[in-house]
Amino acid sequence: MQTKKKATMALLISALGTAMTLPTAGAGFVSGLVHHGFLAATIGGLADWFAVTALFRKPLGIGYRTEILRRNRDRIMDSIVEFTSEDLLSVENIMSVLRKEDTAGLLVEYLIHRGGREHIRQLVDELLLKAVNSMDTSAVANKFSPAIRKGLSDFAVERVFLDMIQLLSEEKHSRRVLASFLHMGEQVLHAPTMQQALIENIRVLRRAYEGESAGRAFVLAVMDLDDEHILSIFNERMTKYLDELLRENTEAYVAFKNSFELFLRNAAEDPSLANLFRGWREHYLEHMDISEHLGGWLEKNVKGEHPFWIEPLNHFLDARIEDFVRDKEMQRVCDRYIKNFLEGELRKHHDMIQSLIRERLNEFDDDSLTEFVESKVADDLQMIRINGSIVGGLVGILLYVIVQLSERMWGL
């Protein structure tokens, strides 16, 4: 508004100057020069005031070719929309700006310093938890149970077990298995429960041996072979035998190992054992409700606020994010992919820019559109008025000088 006041003030000064110098306009060269300068400035200022005002309203009530913005609203809006969408916001212009940016670098900055890692992890967790917890486990179980049942039916579990037994018969595996069994045997032998069971069995066997024979009982008594003594002898000999086997370089160990490996090889080739495993599988599948078991497992383990898969998922996300942060080549690929994706989407939906601009412009009625445009360009337009007065005054002075010189030269 300050510029508008200056423009109006310039016009008023020009008009006052014209009126004040009018009586002395023909008195001399200087007075005529000043008068014609003010007159031309007034004419130029009035002309530009009329032109500027005619853009938005009717100056002096004159309606002919005025209110240009209102009369040409549709054409002007079409031009604005076309210029903005096809030139200012064209795909090429937008992409020329985007291609100068390191989008992958911005993403790395977000992941490291802006909490992006946590936000991504939280977003993925929330989305998957919501999806999983809304899942109908019964329907999922019913859908997948036929495939699972068929897979288990076709799966030769007996062959797997027999192959495992055959594998255990190899020396490198049989040694470890025997060592485990022998150490376990030592622990079991000296366990209080085993010792109690042994003493009870010894007692039963001794009574069965003595029967009603006083001679047998007498012999055992003379040899001091009571139950505890017999147990002590048994423990001593078993411990000695186990120690001998554990040393692995004894004949007893070699014989025991060979017998164990032979037993495993024979078992791996035994058709009856294969039939046993096959029968167990068929019986299990026949009586097992896979849908119920699968549905219960999904409900118990997959659903919930903190299911078992959340932690591994977060570790996986952290590892992939860390790989991305460190791998410059991956960042270049990502940057290229983002820009190509954005360019493709811009080309596909570029007409939406026109629609958005037109929709925004259509929100203005004639009055509000006029006020909006005038508020944006008012200062520049008022400068046109000021320049019109100044340039008009200078042109008036120049023309007056030219006319005076011409009159003197040709004696007019």
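The values are calculated or read from the model by the stated rules, or taken from the named source; none is laboratory data. Since we're looking at a predicted model, the values are computed, not measured. All Cβ positions, glycine included, derive from the backbone under ideal geometry; neighbour counts span all protein chains shown.
Summary of values
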{"read-out": "Residue satisfying condition, being surrounded by 15 or more Cβ atoms within 10 Å (Cβ to Cβ), more than 48 Å from the chain's Cα centre (by Cα) and either under 19 Å from K376 (Cβ atoms) or of a type in the set (G, A, S) (or both), within set A19, A41, A47", "value": "A41"}
{"read-out": "Residue check for E322: at pLDDT below 80, more than 30 Å from E171 (Cα to Cα) and in a helix (DSSP H, G or I)", "value": "no"}
{"read-out": "Filtered residues of segment 92-138 (kept if acidic (D, E), without any contact (Cβ under 8 Å) to a residue 24 or more places away in the chain and either in a helix (DSSP H, G or I) or touching a strand residue (DSSP E or B) at 6+ places or on another chain (Cβ under 7 Å) (or both))", "value": "E92, E109, E118, E126"}
{"read-out": "Qualifying residues in segment 103-123 (those that are of a type outside the set (G, A, S) and surrounded by 15 or more Cβ atoms within 10 Å (Cβ to Cβ)) - the one farthest from P307 (Cα to Cα)", "value": "T103"}
{"read-out": "Candidates S96, S153, S174, S145, filtered to the one that is more than 30 Å from R336 (Cα to Cα), among the hydroxyl-bearing types (S, T, Y) and at pLDDT 80 or above", "value": "S145"}
{"read-out": "Hits in segment 96-138 (condition: more than 22 Å from V333 (Cα to Cα), out of contact with any Asp or Glu (no Cβ under 7 Å at 6 or more places or on another chain) and among the hydroxyl-bearing types (S, T, Y))", "value": "S134, S138"}
{"read-out": "Hits in segment 332-350 (condition: touching a residue at least 40 places away in the same chain (Cβ under 8 Å), of a type outside the set (K, R) and in a helix (DSSP H, G or I))", "value": "C334, D335, I338, L342, E343, L346"}
{"read-out": "Tally, over segment 328-384, of residues that are over 30 Å from A51 (Cα atoms) and of a type in the set (S, T, N, Q)", "value": "4"}
{"read-out": "Scan of segment 225-268 for residues that are out of contact with any helix residue (DSSP H, G or I) (no Cβ under 6 Å at 6 or more places or on another chain) and β-branched (V, I, T), ordered by number", "value": "I233, T239, V254"}
{"read-out": "Candidates A141, A147, A208 - the one that is farther than 30 Å from E248 by Cβ, part of a helix (DSSP H, G or I) and touching a residue at least 60 places away in the same chain (Cβ under 8 Å)", "value": "A141"}
{"read-out": "Residue in segment 261-283 that is assigned to a helix (DSSP H, G or I), among the hydrophobic types (A, V, I, L, M, F, W, C) and loosely packed, with under 12 Cβ neighbours inside 10 Å present", "value": "yes"}
{"read-out": "Meets criteria (aromatic (F, W, Y) and either without any contact (Cβ under 8 Å) to a residue 40 or more places away in the chain or more than 30 Å from S96 (Cα to Cα) (or both)) for F324", "value": "no"}
